[in-house]
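To start, the structure itself, in structure tokens.
The values are calculated or read from the model by the stated rules, or taken from the named source; none is laboratory data. These figures come from a predicted structure and were not determined experimentally. Virtual Cβ from ideal backbone geometry, glycine too; neighbours counted across all protein chains shown. Just so you know, the surface numbers come from the protein's heavy atoms only, side chains and all, with ligands and any DNA or RNA stripped out. Shrake-Rupley method; radii C 1.70, N 1.55, O 1.52, S 1.80 Å.
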Amino acid sequence: MDLPDSASRVFCGRILSMVNTDDVNAIILAQKNMLDRFEKTNEMLLNFNNLSSARLQQMSERFLHHTRTLVEMKRDLDSIFRRIRLHCALKCLGQFQPWDKILT
């Protein structure tokens, strides 16, 4: 005994008859190809991020070392110029004493 087709079955059947299966298969294949490309691109970006992170860590350490060196050099130069100014000031005032050689 056949059941009469319901309105929803008739509607779905007509919609399905309008769809070309070759077009659907072509869309599915294109989506699979895009997925493969996106996965490869994602993997390449992950590798790049990992390498960049390691390089950033190395450069940060080097930058910190160079910054400390520059700060130390500035401190040394400030000390040297302070001694030179003091030496010149004492010499100009005629107050230069032999013990002032310690400052040089």
- Cβ-Cβ under 9 Å pairs, at least 6 apart or on other chains, region 79-99 side open to solvent by 70 Å² or more (accessible area, probe 1.4 Å), far side at pLDDT 75 or above and small (G, A, S): Q95/A89
- Query: Can you name the number of the only condition in (1) surrounded by 10 or more Cβ atoms within 10 Å (Cβ to Cβ); (2) over 40 Å from the mean Cα position of the chain (by Cα); (3) aliphatic (A, V, I, L, M) that A30 fails?
  - Reply: (2)
- Message: Go through region 1-52 and report how many residues are among the acidic types (D, E) and at pLDDT below 85.
- Response: 2
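Table: residues versus (1) at positive phi; (2) loosely packed, with under 10 Cβ neighbours inside 10 Å; (3) in a loop (DSSP other than H, G, I, E, B); (4) more than 26 Å from the chain's Cα centre (by Cα).
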{"residue": "V10", "(1), (2), (3), (4)": "no, no, no, yes"}
{"residue": "R14", "(1), (2), (3), (4)": "no, yes, no, yes"}
{"residue": "M34", "(1), (2), (3), (4)": "no, no, no, yes"}
{"residue": "L56", "(1), (2), (3), (4)": "no, no, no, no"}
- If you check every pair at least six apart or on different chains, which have Cβ atoms under 9 Å apart with a residue in region 53-74 that is at pLDDT below 95 first and a residue that is surrounded by 10 or more Cβ atoms within 10 Å (Cβ to Cβ) and not in a helix (DSSP H, G or I) second? none
